[in-house]
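J.: Attaching a single structure in structure tokens format; questions to follow.
The values are calculated or read from the model by the stated rules, or taken from the named source; none is laboratory data. This structure is a prediction, so every number in the text was calculated from the model and none was measured. So basically every Cβ, Gly included, is an ideal-geometry build from the backbone, and we count neighbours across all protein chains shown.
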Amino acid sequence: MVNIRIASNPGFATRALLAQRLGHLFSRSAAMGLLSTSQVTELSPHSVRGLVSDLQQHGLAGGAGIYLAPLMQDSPQAWDATTERRLESDLEQLAQALEDSPTPATEWASMREALGDDLLALLLELSASSLRRYATRERATPEPVANRLHWLAMVVSDLSGGYNCLGMRRWFERPRAQLGGHSPRAALGPAWRPDDPSARRVRALAAALSGAQPLAV
């Protein structure tokens, strides 16, 4: 999985919401295995151009090259308030488009790296042999499995700002008061689906981490 550790960029010093949404888009793309680079350390025209190119390659960017054109130019200080608001909205829409687009062809490798085969098989309720067959495309990934895999990618995206791979694996196994004393993995329950109330609670717990909120402690 791509290492996303974005340092503060002077061009975004007064644009906190824009920087947050752009960083969120990078994190989601990385968790889904869509980025061709091995590391992203800065919000810059160069990194945004790479992101847009990668999303377009996977057919997920739509008109992103047009919508995000100001972010790919070298003079962010020239943006006016209207452009900034439009960019914030466009980034949110792109992030939602990724949320709605399971891509098992790329997500298998990313999730195996982030969570490891043993935990991933437990979370997906698969045997080790089935996981390998789906991951290597020996067999097509069934839709219910693809949906769970994508849900996990979104959770990993939320966790990636505060945990490395080992920390993410521990996060799924650590009991949480917000989940009635259960670990996230146990709270999901058997035969879980991404739209189950239990999965929504686990997802909310992970999402809270992005703002260093108490829920994530």
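J.: Name every residue in the stretch 80-113 that is among the hydrophobic types (A, V, I, L, M, F, W, C) and either in contact (Cβ under 8 Å) with a residue 12 or more places away in the chain or touching a helix residue (DSSP H, G or I) at 6+ places or on another chain (Cβ under 6 Å) (or both), in order of residue number.
T.: Listed by number, the residues that qualify are Leu87, Leu91, Leu94, Ala95, Ala97, Leu98, Ala105, Trp108, Ala109, Met111.
J.: Restricting attention to the stretch 138-181, report how many residues are surrounded by 17 or more Cβ atoms within 10 Å (Cβ to Cβ), touching a Pro at 6+ places or on another chain (Cβ under 6 Å) and not β-branched (Val, Ile, Thr).
T.: Summing the residues that are surrounded by 17 or more Cβ atoms within 10 Å (Cβ to Cβ), touching a Pro at 6+ places or on another chain (Cβ under 6 Å) and not β-branched (Val, Ile, Thr) in the stretch 138-181 gives 5.
J.: While we're looking at this one, here's another question. Restricting to the stretch 88-106, and then to whatever is among the polar types (S, T, N, Q) and within 13 Å of the chain's Cα centre (by Cα), can you tell me which residue is modelled with the lowest pLDDT?
T.: Gln96
J.: Continuing with this model, one more query. For the stretch 123-182, please list each of the helices (runs of 4 or more DSSP H) lying entirely inside it that holds at least 2 residues being touching a helix residue (DSSP H, G or I) at 6+ places or on another chain (Cβ under 9 Å) and of a type in the set (Gly, Ala, Ser).
T.: Result: 128-135, 143-159.
J.: Go through (1) modelled with pLDDT of 95 or more; (2) surrounded by fewer than 17 Cβ atoms within 10 Å (Cβ to Cβ); (3) among the aliphatic types (A, V, I, L, M); (4) closer than 23 Å to Arg200 by Cα for Ala109 and report which single condition fails.
T.: (4)
J.: What do you reckon, is Arg85 basic (Lys, Arg), in a helix (DSSP H, G or I) and at pLDDT 95 or above?
T.: Considered against the rule, which asks whether it is basic (Lys, Arg), in a helix (DSSP H, G or I) and at pLDDT 95 or above, Arg85 comes out as no.
J.: Can we say Asp195 is assigned to a helix (DSSP H, G or I), of a type in the set (Asp, Glu) and surrounded by fewer than 17 Cβ atoms within 10 Å (Cβ to Cβ)?
T.: no
J.: Kindly indicate whether Leu120 is in contact with a strand residue (DSSP E or B) (Cβ under 9 Å, 6 or more places away or on another chain) and either in a helix (DSSP H, G or I) or modelled with pLDDT of 95 or more (or both).
T.: No: the conditions fail for Leu120.
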